[in-house]
Amino acid sequence: AATARQDYVSSLVNPDVEFDASSIGFIYPSVNLGFVFSELMPKSDFLTFGKLRASYAEVGGGAPSAYGTSTVFTQAGPGDGWVDGITFPFAGTTSFTKSNTLGNPNLVPERSITTEVGLDLRFFGNRLGLDATYYNRKSIDMILPVALPGSTGYTSALLNAGELSSKGYEIFLTTTPIERDNFSWDLLVNFDKNVTLVERLAEGIESQYLGGFISYNIAGQPFGVIYGGAYQRDNTGDANDDGLTLPDGNIVINDDPSSPEYGYQVPDASLRVVGNPNPDFTVGFNNTLTYKDLKLSFLIDWKQGGEMWNGTQWALTYFGMSQVSAENRGDVVVFDGVLSDGTPNNIPATLDQSYYTSSVSGFGSVDEGFVQSTSWVRLREISLSYDLSPKMFSGNFIEGGS
């Protein structure tokens, strides 16, 4: 099967020039092929069904909001960054301010190109099924808000500033491990692994802020990495398996006796990638156990890998109100690391108010110490049901229930 679609996106209309529909329109096609090879094979109790499939698709898109090609006025709403602030209309007064985002009349549609191949297999009369898919997606000319210096009068500008690549695979396994007259167990396993890399940003743009506090896109790094302050180390290290360029040496310890942070870790002068929020893989196990008319279903999710920056702990630690500061307050420790001459650290440091309000703690310049793993295994859902036999309702308007 093949399709072709023509779209026109009003968010790319430039109000400063004569309207031209061709400048806001784009065509994107798709092709899908499937081959059921099991139909060419002799019938077998082993392989019940087999299919190969492949597809190619393009999808286009415009600016993320209306009037992306021009700078507009927006409803005012001053705030302090911590609370919602004031929104207008307020006390019957309406207020508008010029948008902080600079419009771009030269925007072109963004486009995603996806290729996919898959294999669908069924065995033993559909008692065992395997569906595997590999995909490769490339997004070009992505329209993103790019930070600008405050001296320009704006905080960001819309640019065709991004190019992403996503590669991964999904595996669905369905099986009935146990099937008896009065009891059965049905199992569905869903495995997913994806790696999304920022291939390119606009010329002259080293990083692109995404949101929150320290979530960024950086060329050559995974999408949405955690970018912030790190501990200084005695070497910068190489890229690891995730493509991150985290320093991998020993943490340097402040050995200047005149410093108020004597014995503490030394902050790095440069910002670095300090975490990757993307998981290594995710797995779901959906189980259904049936005994006669009684059915128990439960879903277990497992996410392995991925990290987050704990801003709540970062702030509470500064005020001495986090669990970390409560457990360790007053302890005397010798931090793992090396002194300026490369020898192992032997300077004791007290975990007191001075440490928890230093540059390596809450509200300090080091974010790395508050990056945490987000791996988890969860019981996502559980249900117990009983199918009521229609014979129990014979002679009345109820035919059955559960």
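The values are calculated or read from the model by the stated rules, or taken from the named source; none is laboratory data. Model, not experiment: these values are computed from the prediction. Backbone-built Cβ (ideal geometry, glycine too); neighbour counts: all protein chains shown. Accessible surface is based on the protein model in full, side chains and every heavy atom, while ligands, DNA and RNA are left aside. Shrake-Rupley method; radii C 1.70, N 1.55, O 1.52, S 1.80 Å.
Side notes on the structure shown:
- E58 vs. criteria at pLDDT 85 or above and closer than 29 Å to S156 by Cβ: yes
- Residues located in region 259-280, provided they are surrounded by fewer than 16 Cβ atoms within 10 Å (Cβ to Cβ) and out of contact with any Gly (no Cβ under 7 Å at 6 or more places or on another chain): S259, P260, Y262, A269, S270
- Residue among T133, T174, T114 that alone is over 24 Å from the mean Cα position of the chain (by Cα) and in a strand (DSSP E or B): T174
- Annotation note: of R127, R180, R122, R111, the sole residue that is without any contact (Cβ under 8 Å) to a residue 40 or more places away in the chain and either in contact with a helix residue (DSSP H, G or I) (Cβ under 9 Å, 6 or more places away or on another chain) or of a type in the set (D, E, K, R) (or both) is R180.
- Against the conditions (1) open to solvent by 80 Å² or more (accessible area, probe 1.4 Å); (2) outside any helix (DSSP H, G or I), E39 satisfies every one except (2).
- Residue match in region 323-341 (condition: in a helix (DSSP H, G or I) and crowded, with 16+ Cβ neighbours inside 10 Å): yes
- Matching residues, region 147-199, being in contact with a Leu (Cβ under 9 Å, 6 or more places away or on another chain) and basic (K, R): K167
- G85, sole failed condition from (1) open to solvent by less than 60 Å² (accessible area, probe 1.4 Å); (2) touching a Ser or Thr at 6+ places or on another chain (Cβ under 7 Å); (3) free of Cβ contacts under 8 Å to residues at least 24 places away in the same chain; (4) not polar (S, T, N, Q): (2)
- Here G168 meets the list (1) within 15 Å of the chain's Cα centre (by Cα); (2) under 26 Å from E368 (Cα atoms) almost entirely, failing just condition (2).
- In this entry, D7 is excluded by the filter for residues that are touching a residue at least 12 places away in the same chain (Cβ under 8 Å) and part of a loop (DSSP other than H, G, I, E, B).
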